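Contents: one structure, followed by commentary.
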Amino acid sequence: MQLFKWAMPFGALMVMSCANAGLPQAVGQWGGDHVRLTLEASGGRIEYDCGAGTIDTAVQLDAENRFSAKGKHEDYSSGKAAGSGPTDADAVPAVRGANYSGKIDGDQMSLTVRIDGDKVPRSFKLTRGKSVKLIRCL
C-alpha cells in the first residue's frame, strides 16, 4: 500500500514532464537591439535604453511555441519632454499595464509589447544568450 501512495504522484509528475518535453524553454537571458529580457520560472524583467518592465506571471508556451503574459511598464525620461518645457527630473515614472506576447523559434524570439495607453505596439527580435549594452537616457 505504501508503494501505491508514492507511485501515483510520481506517475502523474512523469506524465506532466513528458507532455512539456517537446516545448522549448523560455527561461534565460534574451537580447536584441536596445532591449534585454530576462525570464525566470515565475516571470521576468525587460529593460530598454529608456524604460523597463516586468512580466508578472510565468511565460507558458503553447504547442506552437507562442506565449502571452501580463505585466507592467515604465518609460524613463531625461526630465524634459520635447516642446513641453521643463519638467521634474526626479519625478517617479508612471507605471502602466502591459501585455507581452510572442513566439519562440529555436534561439530566436519575436516579442510584441502592448503598453496600456499606447496606440502602437513595440516589436523586437531577440536572441537567446545575446549580451546587450543598453544606452540609458540622459
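Worth a mention:
- Matching residues in the stretch 44-56 - criterion: being acidic (D, E) and modelled with pLDDT of 95 or more: E47, D56
- So A41, is it under 23 Å from S131 (Cβ atoms), open to solvent by 70 Å² or more (accessible area, probe 1.4 Å) and either aliphatic (A, V, I, L, M) or modelled with pLDDT of 95 or more (or both): yes
- In the stretch 57-89, the residue that is modelled with the lowest pLDDT out of those that are among the polar types (S, T, N, Q) and open to solvent by 50 Å² or more (accessible area, probe 1.4 Å) is S84.
- Residues located in the stretch 97-107, provided they are free of Cβ contacts under 8 Å to residues at least 40 places away in the same chain and surrounded by 22 or more Cβ atoms within 10 Å (Cβ to Cβ): G102
- Among the residues making up the stretch 31-46, a single one is assigned to a strand (DSSP E or B) and among the hydroxyl-bearing types (S, T, Y): T38.
- Residue count for the stretch 108-117, restricted to those that are open to solvent by 60 Å² or more (accessible area, probe 1.4 Å) and closer than 15 Å to Y48 by Cβ: 1
- Complete set of residues in the stretch 1-38 that are among the polar types (S, T, N, Q) and modelled with pLDDT under 90: Q2, S17, N20, Q25
- For the stretch 97-138, residues that are outside any strand (DSSP E or B) and of a type outside the set (K, R) total 14.
- Filter result (open to solvent by 90 Å² or more (accessible area, probe 1.4 Å) and of a type in the set (A, V, I, L, M)) within the stretch 118-138: V120, I135, L138
The values are calculated or read from the model by the stated rules, or taken from the named source; none is laboratory data. No experiment lies behind these values; they were computed from the predicted model shown. Heads up, the Cβs are rebuilt from the backbone with ideal geometry, glycines too, and the neighbour counts pull from every protein chain shown. Accessible surface is based on the protein model in full, side chains and every heavy atom, while ligands, DNA and RNA are left aside. Shrake-Rupley method; radii C 1.70, N 1.55, O 1.52, S 1.80 Å.
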